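Working notes, structure below.
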Amino acid sequence: MKAQVSLTVNEAKWIIAKGLKELPLVKKALKEGKILLKGGTTVSAVSEELVHIPLGISGRVSPRGTKCSKFDLDAPHCILVDKGVIWDIDEEKKFEASALSMREEDVFITGANIFDVFGNAAMMAGVPFGNFPGKIIPAINSEGVKIIIAVGLEKLSPIPVSQSIKAAGRRTIELSFGMAVGLIPICGEIIHEQKAIELLADVKATPIGMGGILGAEGATTLVIEGQSQEVHKIVDLVKTIKGSIISGSPKSLIECERGSIGCKDDMGCMYKRGLL
């Protein structure tokens with residue numbers, strides 16, 4: 001049997017979250033080990049699926065450009081789930097200690113702003129070194145901890161991520177719609193909506209179209225193929241997440257304006273300079 005589904009960017013985030021929840025290593029780490037979650041809207045959806053808590057959202061790309069939250073976060077941006085117990089680790093020492101406490105059977109979950117077909121990914125950094133997560137995340141691999149990168153197919157790059165990293169750079173951008181950003185490479189297992197669907201049922205998922213209009217900008221259209229019962233699992237699941245909104249604590253989703261918190265670190269911002 002074949003079915004065709006279209007997922008908006010927000011709907012895809014929830015599919016990714018539900019798929020990650022079914023990964024055996026995530027199930028085991030949630031019950032017996034540790035899961036470290038670094039905030040972003042996709043990872044916030046993962047957090048809601050795993051422990052029913054939305055995360056605080058700091059950086060984001062909105063129609064106005066690359067921006068930050070207007071307010072101090074009203075929910076943790078990073079959490080550690082230790083055998084089901086949730087710890088707020090939004091401080092450099094706590095984050096570093098949590099990362100160092102993790103073992104081979106534990107899992108670190110982060111998002112990304114760009115990835116390529118070669119399995120490379122990177123996240124934007126709008127403040128020096130990407131704050132403490134940006135300093136520590138690239139080194140987590142050296143400890144042998146598994147990293148999962150939860151990222152939607154709308155962020156798939158047409159060029160190698162290495163080229164993007166070379167082109168970006170906070171200090172090299174003179175004018176920016178919002179804060180100028182650099183890119184920090186991340187190495188891990190990439191899980192997007194196609195892979196998530198295949199984790200949720202015994203099916204083959206094939207993207208056949210990208211994009212849309214009237215709220216479906218960035219959407220993914222896929223053909224789901226398999227036994228009728230398995231295909232219907234996905235169709236029924238998609239029905240439940242249709243119209244889903246973005247995950248994240250409400251206050252943190254309000255973005256900064258000129259002169260707001262965080263602007264001291266912004267570089268190249270035309271709003272800050274009064275050029276917009």
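The values are calculated or read from the model by the stated rules, or taken from the named source; none is laboratory data. The structure displayed is predicted, hence computed values, not measured ones. No Cβ is skipped: glycine too gets one built from the backbone with ideal geometry, and neighbour counts run over all protein chains shown. In case anyone asks, the SASA skips ligands and DNA or RNA and just uses the protein heavy atoms, side chains included. Shrake-Rupley method; radii C 1.70, N 1.55, O 1.52, S 1.80 Å.
As a test, work out the antiparallel percent of DSSP beta bridges whose residues both lie in the range 51-174, rounded to the nearest 5.
Roughly 65 percent of the beta bridges in the range 51-174 run antiparallel, per DSSP.
Name the residue farthest towards the positive end of the dipole of the chain from the options Phe118, Leu222, Cys256, assuming +1 on Cβ of Lys and Arg, -1 on Cβ of Asp and Glu, about the Cα centre.
Ranked along the dipole, the leading option is Cys256.
Could you order Phe118, Phe108, Phe177, Phe132 by accessible surface area, starting with the largest, using a probe radius of 1.4 Å?
On the way: Phe118 150, Phe108 0, Phe177 120, Phe132 25 Å².
I get Phe118, Phe177, Phe132, Phe108, largest accessible area first.
Per the helix-only calculation at 222 nm, which mean residue ellipticity applies to the chain, given -39500 (n - 2.57) for every DSSP H run of n ≥ 4 and division by its residues, nearest 500 deg cm²/dmol? Don't skip to the end; give the middle numbers.
Numbers: 8 runs with 81 residues, N = 276.
Dividing the helical sum by the residues of the chain leaves -8500 deg cm²/dmol.
Out of Ser58, Ser247, Ser228, any idea which swings most in a Gaussian network model of the chain, alpha carbons joined below 10 Å?
In this elastic network of the chain, the residue with the biggest mean-square fluctuation among Ser58, Ser247, Ser228 is Ser228.
By how many degrees, 0 to 90 and rounded to 10, does the Cα axis of helix 228-241 deviate from the longest principal axis of the chain?
Helix 228-241 and the main axis of the chain meet at about 40 degrees.
Treating only the Cβ of Lys, Arg, Asp and Glu as charged (+1, +1, -1, -1), what charge dipole size does the range 145-265 show about its Cα centre? Round to the nearest 20 debye.
Approximately 400 debye in magnitude.
What are the equivalent ellipsoid semi-axes of the range 1-121, built from the alpha-carbon gyration tensor (square roots of five times its eigenvalues), in whole angstrom, biggest first?
24, 21, 14
Among Ile57, Ala180, Val46, which residue has its Cα furthest toward the positive end of the charge dipole of the chain, with +1 on Lys/Arg Cβ and -1 on Asp/Glu Cβ?
Towards the positive end, the residue furthest out is Ala180.
Rg to Rh for the range 56-154: what is it, with Cα atoms only and Rh by Kirkwood?
0.96
In nm, to one decimal, how far is the modelled label at Ser244 from the one at Glu105, with both set 7 Å along Cα→Cβ?
A separation of 2.9 nm, rounded to one decimal place.
Measuring from label point to label point, each 7 Å out along Cα→Cβ, what is the Lys204 to Glu174 span in nm?
Output for this residue pair reads 5.2 nm.
Could you work out which residue, out of Ala45, Ala75, Ala139, moves most in a Gaussian network model of the chain, that is, has the largest mean-square fluctuation with Cα springs under 10 Å?
Maximum fluctuation in the GNM of the chain, among the listed residues, is at Ala139.
Report the local net charge at Val85: Lys and Arg +1, Asp and Glu -1, summed over other residues whose C-beta lies under 15 Å from its C-beta.
Residues close to Val85 contribute a combined charge of 0.
What do you reckon, how do Asp116, Asp74 stack up by accessible area (1.4 Å probe), largest on top?
Output order, biggest surface exposure first: Asp74, Asp116.
Report the calculated FRET efficiency for Lys251 and Arg273 (r = Cβ-Cβ distance, R0 = 30 Å), to the nearest 0.05. All intermediate terms of the calculation are to be shown ahead of the outcome.
Details: r = 27 Å, r/R0 = 0.89.
Computed FRET efficiency for Lys251 and Arg273 comes out at 0.70.
Could you count how many Lys pairs in the range 80-211 have their Cα atoms under 25 Å apart, skipping same-chain pairs fewer than 8 positions apart?
Taking the Cα cut-off of 25 Å, the pair count is 16.
Of the beta bridges DSSP finds with both residues in the chain, what % are antiparallel, to the nearest 5?
70 percent
Have a look at Glu104, Glu32, Glu255 and tell me which one the Gaussian network model of the chain (Cα, springs below 10 Å) gives the largest fluctuation.
For the chain, modelled as a Gaussian network with Cα springs under 10 Å, the answer is Glu104.
Test of understanding: what is the full-extension gain from Ser162 to Lys2, defined as 0.36 nm times their sequence separation minus their Cα-Cα distance?
53.9 nm
Once you charge only the Cβ atoms, +1 for Lys and Arg and -1 for Asp and Glu, what is the size of the charge dipole of the chain about its Cα centre, to the nearest 20 debye?
My answer is approximately 480 debye.
Using a 1.4 angstrom probe, figure out how much accessible area the chain has per residue, in square angstrom, rounded to the nearest whole.
Ligands and nucleic acids excluded, the result is 48 Å² per residue.
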